[in-house]
1. Pairs Lys217/Lys265; Lys175/Lys217; Lys38/Lys243; Lys175/Lys265; Lys243/Lys280: which are spaced more than 24 Å apart, C-alpha to C-alpha?
2. List residues of the stretch 188-220, by number, whose backbone nitrogen lies under 14 Å from a label position 7 Å along Cα→C-beta of Lys181.
3. Taking every pair of Cα atoms in the stretch 155-194, average 1/r, invert it to obtain the Kirkwood radius, and report Rg/Rh to two decimals.
4. Neighbour counts of other C-beta atoms within 10 Å: give me Tyr268, Tyr284 arranged from fewest to most.
5. Measuring from label point to label point, each 7 Å out along Cα→Cβ, what is the Glu269 to Asn64 span in nm?
6. Residue separation times 0.36 nm, minus the C-alpha to C-alpha distance between Arg200 and Ala31: what's the value?
7. If you count, for each residue, the other Cβ atoms within 10 Å and average over each peptide, how do 223-232, 176-185 line up from highest to lowest?
8. Report the extension gain between Ile152 and Thr171 in nm, rounded to one decimal, defined as 0.36 nm multiplied by the number of residues separating them, less their alpha carbon distance.
Amino acid sequence: MVRLALCIVAVLSMVTARAASPPSQRVDLQAVLARAGKYVQQYQRDFSLLICEERYLQEVTRPNEGPAGDARWSLGGVGTTTEGRTLMSEFALVRVQDADRALWLAFRDVLEVDGRPVHDRTERLQRLFVAPPSNALAQAGAIANESARYNIGDLVRTVNVPTMALEFLGTTMQKRSSFRKRGEETEQGVQAWVVAFEERERPTLIQTPESQDVVTKGTMWIDPQSGLVLRTQIDPQLQRGLKTRVTVSYAPQERLGMWVPVEMKEIYELGSRQINGEAKYSNYRRFETDVKLKGPKGEVR
């Protein structure tokens, strides 16, 4: 399990709409990182709260040991079974002030599991976020547990947050990692720099429940002129022998004048077991205290 204190990255990656870039000019990596950090820092000051809809498909493939007659299990290959689950959720990103820094929290409020409404979630998101918490870290822990309760597979995970990667790119956080330019690629019509990073400082941002360091590597696709982040990929080393990768793509949301996550893909591989996830995000809007969340129509048993 990963502490939610690690997941507070949440909203940083909801970057604002990119203004027209200045004429192309020669820049170095330090300048690009400074622009990206400033971009995120400005966003921290300006951002309030967003909410969107998430359709999240998860699949687990493992050695063939599924219960006989269980319709949730299907043959996934020779000697393997695959279990699938689809979660429909409201996904919120919120800024909370704690001590001398702002914490960015993410919350996945599950509405339906495989088409069946969840019975115990009425206004849960409102209760968690409308009233400022007295202890932001305790609140973060509650959010992490809530977000992970419907994940499938025997690997408890809270890094499946689309905005996780941007924590490493914040101005004050860049010193924790080493960065290098890996090349250039066209992303969303932009000639982006492909920047790889590896966390160096200890303790790491992500830790196990036993306070063991979880080193994170990754890649950012950055517009070198504006600092806009177009795509991210992180590879946290959650445990020995486990391959983990979370990739997120962004697109402009014209109504809000912002760039937002639109797709998250994740993979966890440990020996013969594999967990795959794919989430799609839509219907972004600003969250206000008078927003009415969808009410339950039944129960998940």
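Coordinate-derived values only; no laboratory data. Only a predicted model underlies this, so the values are computations on that prediction, with no experimental measurement involved. Here the Cβ is made from the backbone with ideal geometry for all residues, glycine too, and neighbour counts use every protein chain on show.
1. In this structure, Lys38/Lys243; Lys175/Lys265 lie more than 24 Å apart at Cα.
2. 191-196
3. Taking Rg over the Kirkwood Rh, I get 1.07.
4. Tyr284, Tyr268
5. 2.2 nm
6. 58.8 nm
7. Final packing ranking: 223-232, 176-185.
8. Contour length minus Cα-Cα distance gives 3.3 nm.
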